[in-house]
Structures are given as C-alpha cells and as structure tokens.
Amino acid sequence: MQHGGTLELGESKPDSLFPSSPAEHASPAKAELWQQVRDGLVQLAQEGNADVARYGDLITNEAACCRFLRGAKGNVCKAVDMFRKHLEWRIQYGLESVVDEDFTDLKAHEELYWTGRDKDGVITLMWRLHKHDARRTKGARFVRFFVHQIETGLRSSPQYPNVQFNILVDLQQVGYANADKEMSIILQSVLATNYPKVRKGLFVFPINWFVQMFWDSLLKPVLSTLQPDIEDKICPLTGDWKAKLLERYDASEIEKEFGGLLDVSARPMLCALSYQPISYSQVAFCAVCVCVCV
C-alpha cells in the first residue's frame, strides 16, 4: 500500500484554490494586506530574526502570505505573528528532514496513507481510524508520522507549501479502543498553527448509529484535530456514502472497498521533491539584480 457538540450534516464549501498571483484575484485593498504581511516579515528578517530570514522564499511568496492572512481572518498583525511562529516551528521541529525519517513500523498498519485524487486533481489523505491504537506508539511520534505524511504529499507539488489536499476519514468499525487523547491534543496544536488554509475537504463516513451516538464523546475530539479553522467544516457523508464519494472522485481514484476501482498498492508512491529554503538575503540580492538588469 502507498504510504507516503452535535453532528453537523450540512455540506461544507471548500476553500477556493490558492491563486498563483493573489493580487489578480483580490481587490486592491486585499492585495495591499498580503503585502503588509510580507513587509512585516521582511522587517523581522532585517532586524535579525534568523529563523524568519532563513525562509526568504516563503515570506515573500504571495500565496503563502495570503494563506496566513486568511487564517488570521484578515488581521495583518496576527498573520505576521502566526507566520513567524510557523517559521520558528519549522526549524525547531526539523521539518525539512521529516520526510526522510523512517516510519516503516507505522506505515505497515496501513492506517494513514495517500490515496486517489478528487475530480479537481487534489490529492487525498486517507485515515482509517479504526486501525489507530494509542498503545502502538507515543502520541508525539504518531503526530510526527502524520506530519511526515502531510509533508510528503505537499512536497510532491512544485507549488509547495501552497498545496491543497483532502482528508477522508473511514469510521467503519471505529470504537473506544481507537481513542487517543494525548495524540489528539498534540495534533490539534500542530495543524492549527502550521497548516492554515491548505485543507480543501474533510469527509467522514459512514454515518451510522454508532457514529451518531458517540459523536460528542469519542469522534468529535479526534476529528476536530483535522479542523484547525472553525470555518473548515467537517462534512459527514450520510446515506449512500459510496455514491457521494463518487460524486467527488472518479471510480479510478476511489479504492475498491469504498466503491471504486483503485488499487493503491499498485500505484507509485507520491514522491517528495527536495525543498531547500532560500534566505531573505538571497531573495533580496536577486531582486536587486533584476532591477539593475531592467
């Protein structure tokens, strides 16, 4: 296999795709806001914040600034602070090397893996929650494995880190044995702070009597970890959930067990492209060179 309160039944509206050039899709006022985020981060770099200065390519990237701005509900100061904390976390967490770490033992359980793409071509992370066992590994290590999988998928695109993905959560046979409070607390913190506005859809299925009965006590605490923003709705697939998956995915992109034709084990794994940050000094130097040439 490839590794790489109340139940709300309303459909979620996924975020629009990240514009490659946000200024082209936003009002002048909004365009100025993302530039203010960029300028705030550049100022931090110029004032000696080495962690921020290390990521000159990210702090000057329109789509990245827009993501954190949206995550901060349009508050520039909050967006700058969120972005700064994220960049500091990248270094403290060792994010650049996490895709190279060995999680063979966890991958063998086929609990969390990349599956097919939706009809828009967006990659999808599958979490088979009934396979989760808190006794298997410490919560912090499972969260690191979760980040490993997310980063592997995001880095498969040259648009990294501004890449959308879906999450499918298989609730079949899930029970109290799958609860993991320690992991949920850690995962919520990591995703809420460091991955704003990258999730396109979060679909959970099936919605049976057990799910309805134990939503508040068992399932919502876990699923909420995947919902870092209250605006990012959890979308339960009620009724004929296999048919509803096929409304979003071609049959060739849905596993056979879920009503499709996909054999994930026969598909090449997502390949993480190498990522090396470009310092702000390098970015600034290149900008000067371009101005001189012009």
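Readers should treat all values here as calculations from the given coordinates under stated rules, not as data from a laboratory. Bear in mind the structure is a predicted one, so any value in this text is a computation, not a measurement. Cβ atoms come from the backbone with ideal geometry, glycine included; neighbour counts cover every protein chain shown.
Points to keep in mind about this one:
- Gained length - MET269 relative to GLN46, 0.36 nm times residue gap less alpha-carbon distance: 76.2 nm
- Legend: distances between Cα atoms for LYS107/LYS220; LYS78/LYS220; LYS181/LYS220; LYS131/LYS200; pairs beyond 19 Å are LYS107/LYS220; LYS78/LYS220; LYS131/LYS200.
- In this calculation the C-beta distance from PHE214 to ASP133 is compared with R0 = 30 Å, giving a FRET efficiency of 0.95.
- For the Cα trace of region 82-159, dividing Rg by the Kirkwood Rh returns an Rg/Rh value of 0.99.
- Listed peptides 92-98, 65-71 appear in the order 65-71, 92-98 once ranked by packing, highest mean of other Cβ atoms within 10 Å at the front.
- Cα-derived Rg to Rh of region 99-266, Kirkwood definition: 0.93
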